[in-house]
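Take a look at the structure set out below.
The values are calculated or read from the model by the stated rules, or taken from the named source; none is laboratory data. Quick caveat: nothing in here was measured; it's all calculated off a predicted structure. We place every Cβ from the backbone using ideal geometry, glycine too, and count neighbours over all the protein chains shown. Accessible surface is based on the protein model in full, side chains and every heavy atom, while ligands, DNA and RNA are left aside. Shrake-Rupley method; radii C 1.70, N 1.55, O 1.52, S 1.80 Å.
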Amino acid sequence: MTRGFEILPGYENCGIKLPVRGTAFSAGYDLEAAEDVLVTGRKISLVPTGLKAFMLPDEVLLIYIRSSLAVKYGLTLANGVGVIDADYGGHIILPLISFGADFEIRRGMRVAQGIFQKYLLADGDEIG
């Protein structure tokens, strides 16, 4: 396999589902919370997914907050958009901030979506 997600060791029996697209025309794969986390006002709360991603060397996984959480509850990713590089084999953890009331993320809740994309390099780039 060249692109996808894996459940991390220690999370195999926690009921985590591998991300899927909601419809045939969806670009993003829904990422669920692996644990309950209380997101409190204007402080960064880390929401584990229990997942890692794998992809081709010229690809990136971009992570976005689900728009319903942003619009209805004032939640956002602390870094705006998460960038998971192809050589990062670690745990995908979502840094959330609430600009509204405290919000409880429940295990299994769809929190973010990940979109795999190809990217270009600048002429003369020699790293990698």
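So is ALA27 within 18 Å of ARG3 (Cβ to Cβ) and either assigned to a loop (DSSP other than H, G, I, E, B) or out of contact with any strand residue (DSSP E or B) (no Cβ under 6 Å at 6 or more places or on another chain) (or both) or not? Steps first, answer last, please.
Working: within 18 Å of ARG3 (Cβ to Cβ): yes; either assigned to a loop (DSSP other than H, G, I, E, B) or out of contact with any strand residue (DSSP E or B) (no Cβ under 6 Å at 6 or more places or on another chain) (or both): yes.
The answer is yes for ALA27.
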**Prompt:** Among the listed residues SER98, SER45, which satisfies the condition of being among the polar types (S, T, N, Q), modelled with pLDDT of 95 or more, open to solvent by less than 40 Å² (accessible area, probe 1.4 Å) and more than 25 Å from GLY15 (Cα to Cα)?
**Reply:** SER98
**Asked** Are any of the residues in the stretch 112-121 touching a residue at least 40 places away in the same chain (Cβ under 8 Å), open to solvent by less than 30 Å² (accessible area, probe 1.4 Å) and more than 17 Å from ILE44 (Cα to Cα)?
**Response** yes
**Prompt:** Taking strands (runs of 3 or more DSSP E) that do not extend beyond the stretch 61-128, which have at least 1 residues that are in contact with a Ser or Thr (Cβ under 7 Å, 6 or more places away or on another chain)?
**Reply:** 75-77, 93-98
**Request:** Give me the pairs, please: first residue somewhere in the stretch 52-63 and under 24 Å from TYR11 (Cα atoms) and open to solvent by 50 Å² or more (accessible area, probe 1.4 Å), second residue anywhere and of a type outside the set (Phe, Trp, Tyr) and assigned to a strand (DSSP E or B), beta-carbon distance under 7 Å, and either six or more positions apart or on two chains.
**Result:** LYS52/GLU6
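Residue by residue, here is whether (1) under 18 Å from LYS17 (Cα atoms); (2) of a type outside the set (A, V, I, L, M) holds:
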{"position": "ALA53", "(1), (2)": "yes, no"}
{"position": "TYR73", "(1), (2)": "no, yes"}
{"position": "GLY80", "(1), (2)": "no, yes"}
{"position": "ALA101", "(1), (2)": "no, no"}
**Message:** Cβ-Cβ distance below 6 Å, separation of 6 or more or different chains: which pairs start in the stretch 30-44 with a residue that is at negative phi and end on one that is part of a strand (DSSP E or B) and among the basic types (Lys, Arg)?
**Reply:** ASP30/ARG110; GLU32/ARG110
**Item:** Residue match in the stretch 71-88 (condition: closer than 13 Å to ARG110 by Cβ, in contact (Cβ under 8 Å) with a residue 24 or more places away in the chain and touching a Leu at 6+ places or on another chain (Cβ under 7 Å))
**Value:** yes
